[in-house]
Amino acid sequence: MGTAERQEALEDGVAARSTGDGEAPARSGAPKAAGFERPRTARAKAEQQEYYRPLWIEEPARRRRLPDPVRTAAVRAVLIIAVTLIQATVAFLCTMAGSWLAFPMVISSVVSTVVATWGALDVWVTRQMWNQRNGVVSEPSSTARALRRERRRAQRQAKATRRAQERIARKGGAGQLSQSHT
């Protein structure tokens with residue numbers, strides 16, 4: 001067995017172990033033994049390609065994610081609306097059945113409807129407040145941009161004052177009447 005044949009046998013053994021089906025792929029120059037090798041079908045190749053396909057393909061989001069306070073208000077509103085719908089359904093069924101529970105359920109459904117309306121309005125108000133405070137970048141007259149500018153200016157001024165105080169303290173002028181050490 002020559003060097004080229006050993007290399008080819010080694011590659012066949014590695015390929016057989018990596019495919020996992022225990023059979024070595026057919027070599028182009030080797031004689032085929034009858035009955036020992038199964039021809040690879042297009043379906044087997046497709047299954048092997050599917051095995052290496054990624055589980056999911058990431059796509060960019062069509063819309064940006066809601067800010068946390070707005071998302072919290074939206075989740076709260078959805079839960080309140082779901083409970084309201086369940087209460088209304090129970091009230092309707094109790095009314096149809098002629099149960100004594102119908103009147104209290106109708107009253108609680110009316111109250112729950114008012115609360116659900118408040119929850120939906122809360123989402124809208126929270127979104128508007130977030131936009132005002134954190135800025136709508138596309139509008140040049142955004143109030144948030146001016147607020148951020150003022151906040152940055154105040155932070156720079158506070159940092160400069162703090163640095164000046166530290167510089168005075170490093171020079172040794174902090175609370176000492178004299179520079180002499182005895």
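Read-outs throughout are calculated quantities, based only on the coordinates presented, and are distinct from any laboratory measurement. Nothing here was measured: the structure is a model prediction, and the numbers come from that model. Reconstructed Cβ throughout: ideal geometry from the backbone, glycine too, with neighbour counts over all protein chains shown.
Some notes on this structure:
- Under 5 Å from the amide H of GLY135 lie the amide H atoms of ALA144, each residue being 5 or more positions distant or on a separate chain, with H modelled from the backbone and absent for Pro and chain starts.
- With both labels modelled 7 Å from their Cα along Cα-to-Cβ, the ARG76 to ASN134 distance reads 1.6 nm.
- Protection proxy ranking of 84-93, 157-166 - average other beta-carbon atoms within 10 Å, highest first: 84-93, 157-166
- Rounded FRET efficiency, nearest 0.05, which uses the C-beta distance separating TRP118 from ASP68 and R0 of 22 Å: 0.60
- Protection proxy ranking of 71-79, 59-67 - average other beta-carbon atoms within 10 Å, highest first: 71-79, 59-67
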